[in-house]
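This report refers to the structure that appears directly beneath it.
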Amino acid sequence: MAILKKKAEKDVKAVAAADAPKTEEKKETKRGPLAKEHAGASYRILVKPIFSEKSARQEALGKYTFLVAADANKTEVLRAVRDLYGVKPVSVRIVLKKGKNVRFGQTQGREKDEKKAIVTLRAGDSITVSEA
């Protein structure tokens, strides 16, 4: 009887251990000293980085291009880059791109308008942007 009781206790512990949430190790990314731990609003301002031939040439000069929210302004973009990447930009330029008129057979439509921000960093500063 005692043997069955011990076996039942081991089974209960095994089931409890299997049901317990597993902790995953977080990937550490190198962030600057100005980066904030919880910068949730900044993720809504900077939609995604833009990867093109022109933006790759600009990155060598310390200029990074991002697709930003339609209602974002220069101050919000500057604050978002500081919060997410921990570097303070020297300047921010905003570019508005109007969507083109397109056709799919007889159906006419229009592409979305986009707002891009070109962020210039100080010489020596850099950030790591990924395509993921």
The stretch 51-111: trypsin sites (Lys or Arg not before Pro) falling in loop per DSSP and having at most 11 other Cβ within 10 Å: Lys98, Lys100
Estimated distance in nm for a label pair at Val90 and Asp125, the labels positioned 7 Å out from Cα along Cα-to-Cβ: 1.0 nm
Built amide H within the under 5 Å cut-off of Val47, gap 5+: Leu67, Val68, Ala69
Entries of Lys48/Lys74; Lys74/Lys100; Lys54/Lys88; Lys63/Lys88 with Cα pairs more than 20 Å apart: Lys74/Lys100; Lys54/Lys88
Sparsely packed GluC sites (Glu not before Pro) within the stretch 33-132, loop by DSSP, other Cβ within 10 Å at most 13: Glu37, Glu111, Glu131
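Bear in mind that the values in this text are calculations on the coordinates, not laboratory data. This is a predicted model, so every value here is computed, not measured. Using ideal geometry, Cβ is built from the backbone for each residue, glycine included, and neighbour counts are taken over all protein chains shown.
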